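Just below is one structure, and these are the notes that go with it.
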Amino acid sequence: QVQLVESGGGLVQAGGSLRLSCLVSGSIFEVGNLAWYRQAPGKQREIVARMPTTGSTTYADSVKGRFTISRDIAKNTVYLQMNSLKPEDTGVYFCYGFLKHTSRDIFRPYWGQGTQVTVSS
């Protein structure tokens with residue numbers, strides 16, 4: 001069974017920083033795209049940062065230059081470093097992985113449960 005578990009959310013003042021972590025656990029044969037999404041109250045879920053298997057990482061325009069997605073393969077962990085946080089960054093942040101469970105499996109989307117980030121003004 002594959003699980004994605006986020007941590008690192010919390011309350012921070014505007015201008016502050018947080019680092020979110022996403023531990024990918026379970027039997028994984030192959031990792032495809034990885035990403036972070038967020039959902040603000042009353043709004044649709046939106047992609048924040050994406051790390052493809054090949055090519056460059058991409059970011060939403062609203063977070064470019066402030067957020068950085070990274071991965072530690074040895075720790076099976078994906079990170080989202082968030083700097084210069086703004087109140088509009090408030091929301092629930094979700095980790096996403098497009099993963100293959102076994103060699104005979106197909107790639108499937110997996111989601112974490114989300115972690116709350118609140119930025120006060």
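All of (1) within 19 Å of Gly8 (Cβ to Cβ); (2) of a type in the set (A, V, I, L, M, F, W, C); (3) part of a strand (DSSP E or B) hold for Val63 with one exception: (3). Could you tell me which of the residues Thr77, Thr58 is open to solvent by less than 50 Å² (accessible area, probe 1.4 Å) and not hydrophobic (A, V, I, L, M, F, W, C)? None of the other options fit; the residue is Thr77. Which one is farthest from Arg50 (Cα to Cα) among residues in region 80-99 that are among the small types (Gly, Ala, Ser) and open to solvent by less than 60 Å² (accessible area, probe 1.4 Å)? Checking each candidate, the answer is Gly91. Going residue by residue through region 82-95, is there one that turns out to be part of a strand (DSSP E or B) and of a type in the set (S, T, N, Q)? Checking region 82-95: not a single residue is part of a strand (DSSP E or B) and of a type in the set (S, T, N, Q). Among the residues of region 40-56, are any assigned to a loop (DSSP other than H, G, I, E, B), in contact with a helix residue (DSSP H, G or I) (Cβ under 9 Å, 6 or more places away or on another chain) and of a type in the set (Gly, Ala, Ser)? Yes, region 40-56 contains a residue that is assigned to a loop (DSSP other than H, G, I, E, B), in contact with a helix residue (DSSP H, G or I) (Cβ under 9 Å, 6 or more places away or on another chain) and of a type in the set (Gly, Ala, Ser). Can you name every residue in region 18-52 that is open to solvent by 50 Å² or more (accessible area, probe 1.4 Å), within 15 Å of the chain's Cα centre (by Cα) and either among the polar types (S, T, N, Q) or farther than 16 Å from Leu80 by Cα (or both)? Answer for region 18-52, where residues must be open to solvent by 50 Å² or more (accessible area, probe 1.4 Å), within 15 Å of the chain's Cα centre (by Cα) and either among the polar types (S, T, N, Q) or farther than 16 Å from Leu80 by Cα (or both): Gln39, Arg45. The residues of region 1-17 that are aliphatic (A, V, I, L, M), over 15 Å from the mean Cα position of the chain (by Cα) and not in a loop (DSSP other than H, G, I, E, B), listed by number, are Leu11, Val12. Within region 16-29, residues that are farther than 16 Å from Met51 by Cβ and in contact (Cβ under 8 Å) with a residue 24 or more places away in the chain have Cβ atoms under 6 Å from residues that are open to solvent by less than 40 Å² (accessible area, probe 1.4 Å) and part of a strand (DSSP E or B) in these pairs: Leu18/Val12; Leu18/Met82; Phe29/Lys100, counting only partners at least 6 apart in sequence or on another chain. Counting the residues of region 100-121 that are open to solvent by less than 40 Å² (accessible area, probe 1.4 Å) and either outside any strand (DSSP E or B) or in contact with a Cys (Cβ under 6 Å, 6 or more places away or on another chain) (or both) gives 3. Every condition in (1) in contact (Cβ under 8 Å) with a residue 12 or more places away in the chain; (2) surrounded by fewer than 17 Cβ atoms within 10 Å (Cβ to Cβ) holds for Lys64 except the one numbered (1).
The values are calculated or read from the model by the stated rules, or taken from the named source; none is laboratory data. On a predicted model such as this, the values are computed, not experimentally measured, just so you know. No Cβ is skipped: glycine too gets one built from the backbone with ideal geometry, and neighbour counts run over all protein chains shown. Please note that ligands, DNA and RNA were not included when accessible areas were found on the heavy atoms of the full protein model with its side chains. Shrake-Rupley method; radii C 1.70, N 1.55, O 1.52, S 1.80 Å.
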